[in-house]
Amino acid sequence: MTRIAVFDLDGTLVDSAPDLHASLDRLMATRSLPGFVRAEVVAMIGDGAKVLVERALAARGQGFDQAALDWFLEDYGANAAVETAAFDGIAEVLATLKAEGWRMAVCTNKPVAPARTLLAGLGLDHYFDAIGGGDSYPVRKPDPAHLHATLRDAGGQARDAIMIGDHHNDVAAGRGAGLPVIFAGWGYGPLSMAAGAPVAATPADLLPLLRAGLLP
């Protein structure tokens with residue numbers, strides 16, 4: 001059996017809120033609208049770029065339009081790794097899992113191009129056998145088919161896998177796919193989103209949970 005750990009990206013592996021915040025503020029500025037405080041942006045993250053832009057525009061009394069999303073994707077894509085960093089301890093966790101023979105994958109609602117650019121810029125891309133973005137397949141989290149497709153591309157199977165994420169979409173996708181789930185308590189989602197899943201308070205807490213026989 002080859003164990004496989006599937007990670008969410010934003011709020012789980014990386015603290016991307018600073019660059020998402022900056023890009024949303026620049027988008028608002030192009031429309032002479034006020035920017036956001038960080039807590040507003042954090043609450044908008046987790047459902048992909050389109051929903052992020054929809055929420056940002058709605059917060060300023062504006063309806064969604066495709067031009068805004070296109071502008072955001074271009075701007076954010078060019079600035080995704082300016083202030084974004086891996087959460088403290090994540091690199092060490094990934095290195096340890098790799099040394100122990102785990103396969104790893106990323107299943108994120110972020111579009112795959114900026115996800116790949118970000119992971120490469122942080123020097124983390126080599127840990128992952130697959131990156132399943134929000135536009136990689138016909139569906140995305142919380143649909144479990146997103147997770148199944150990511151596992152397929154990583155050469156893994158659901159029976160050998162575990163999902164780690166900080167959002168209710170991660171919990172729902174993992175459970176829908178028949179995977180055990182660990183909730184990333186250091187991330188953006190409130191602890192209520194864990195919905196009974198084991199909670200890792202810090203990245204370092206992942207290792208004992210992953211080793212604790214959660215896999216069937």
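The values are calculated or read from the model by the stated rules, or taken from the named source; none is laboratory data. Just so you know, these numbers come straight off a predicted model, no measurement behind them. Neighbour counts are summed over all protein chains in view; Cβ atoms, including those assigned to glycine, are modelled from backbone coordinates with ideal geometry. Side chains are part of the model used for accessible areas, which takes the heavy atoms of the whole protein and leaves out ligands, DNA and RNA. Shrake-Rupley method; radii C 1.70, N 1.55, O 1.52, S 1.80 Å.
Semi-axes of the equivalent ellipsoid for the chain, computed as √(5λ) from the eigenvalues of its C-alpha gyration tensor and ordered from largest down, come to 29, 16, 16 Å. May I ask for the net charge around residue 18, where only other residues with Cβ less than 10 Å from the Cβ of residue 18 are counted and Lys, Arg are +1 while Asp, Glu are -1? So the surrounding residues net to -2. The GNM of the chain, with springs linking C-alpha atoms under 10 angstrom apart, assigns the highest mean-square fluctuation among 185, 123, 132 to 123.
Ranked from largest, the principal axis spans of the Cα set of the stretch 37-129 equal 50, 24, 21 Å.
The alpha carbon gyration tensor of the stretch 115-216 gives principal lengths a ≥ b ≥ c with a/c below 1.5, which makes the shape rounded.
With all protein chains present and a 1.4 Å probe, how do 31, 175 order by accessible area, largest first?
175, 31
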